[in-house]
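First the structure, in the form of C-alpha cells, and then the observations on it.
Laboratory data are not the source of any read-out in this text; all were calculated from the coordinates shown. Fair warning: this is a prediction, and the values are worked out from it, not measured in the lab. Positions of Cβ are backbone-derived with ideal geometry, glycine not excepted, and every protein chain shown enters the neighbour counts.
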Amino acid sequence: MVQKTSIAYIAASWVALAAGTTGFIVGLARAEMLLNEKGYYFTVLMFGLFAVVSLQKSVRDKLENLPVTDIYYGICWFGTLLSVALLIIGLINATILPSEKGFYAFAFLLALFGAISVQKNTRDNMVFNKNQ
C-alpha cells in the first residue's frame with residue numbers, strides 16, 4: 001500500500017532540517033573559535049548530511065530490490081558513523097562550554113534527522129506520484 005506523505009510530516013521534516021542546519025551554522029558564525037575550527041565543524045556537518053541522505057537512499061533501494069553494491073552500502077554506513085564520531089571527537093577536545101557542546105550535538109542530530117526525513121518524503125511522494 002503506497003500512501004502520500006502528509007503535509008504536516010513534510011513540513012516538520014523541512015523544519016527539522018532547516019532548524020538543525022541553520023542553528024548549527026549560526027552557532028558557528030557566532031562562536032569564538034578559530035576559523036579552522038569553524039571549518040572543521042562545518043565540514044563535518046556537510047559530510048554528515050551527505051552521508052545520511054546517501055545511506056537512506058541505499059537502504060531504500062535495497063528494500064525495493066534495486067541494485068546497490070555492498071561496497072557503496074558499506075561506505076554509506078561508514079560515512080554516517082564517521083561523521084558522528086568526528087563530531088564527538090571534536091566536541092570532546094573543544095575548549096568551549098559544555099552547554100555549547102550540547103547545542104552543537106543536538107543541532108547536528110536534528111539536521112541529520114531532518115535530512116533523512118526529507119529524503120524519505122521525497123522518495124515516498126515520487127513513488128506515490130508514479131503510481132497515480
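Multiplying each eigenvalue of the alpha-carbon gyration tensor of region 35-93 by 5 and taking the square root yields semi-axes of 28, 10, 7 Å, largest first, rounded to whole angstroms. Against the chain, whose longest principal axis comes from its Cα atoms, helix 35-63 is set at around 20 degrees.
Rounded to whole numbers, the Karplus 3J(HN,Hα) couplings from phi for region 118-125 are 4, 4, 4, 4, 4, 5, 4, 5 Hz, using 6.51 cos²θ - 1.76 cosθ + 1.60 with θ = phi - 60°, and x at Gly and Pro. By the scheme Lys and Arg +1, Asp and Glu -1, what is the net charge of all other residues having a beta-carbon under 13 Å from that of F128? Net charge around F128: +3.
For region 58-132, the spread of Cα coordinates along the three principal axes comes to 53, 28, 10 Å, biggest extent given first. Once the Cα atoms of helix 70-93 and of the chain are each reduced to a long axis, what angle between those two axes, in degrees from 0 to 90 to the nearest 10, is obtained? Taking the Cα atoms of the chain, the angle to 70-93 is about 20 degrees.
Residue-wise HN-Hα couplings along region 100-117, as the Karplus relation 6.51 cos²θ - 1.76 cosθ + 1.60 with θ = phi - 60° gives them from phi, are 5, 4, x, 4, 5, 4, 6, 5, 4, 5, 5, 5, 5, 4, x, 5, 4, 5 Hz; Gly and Pro carry x.
Quick one, what does Rg over Rh come out to for region 7-131 if you take C-alpha atoms and the Kirkwood Rh?
1.04
Bridging of K62 to lysines at a Cα separation below 16 Å is possible for K120, once same-chain residues fewer than 8 apart are set aside.
Cross-link partners for K38 among the lysines, with Cα-Cα distance under 25 Å and sequence neighbours closer than 8 places in the same chain left out: K101.
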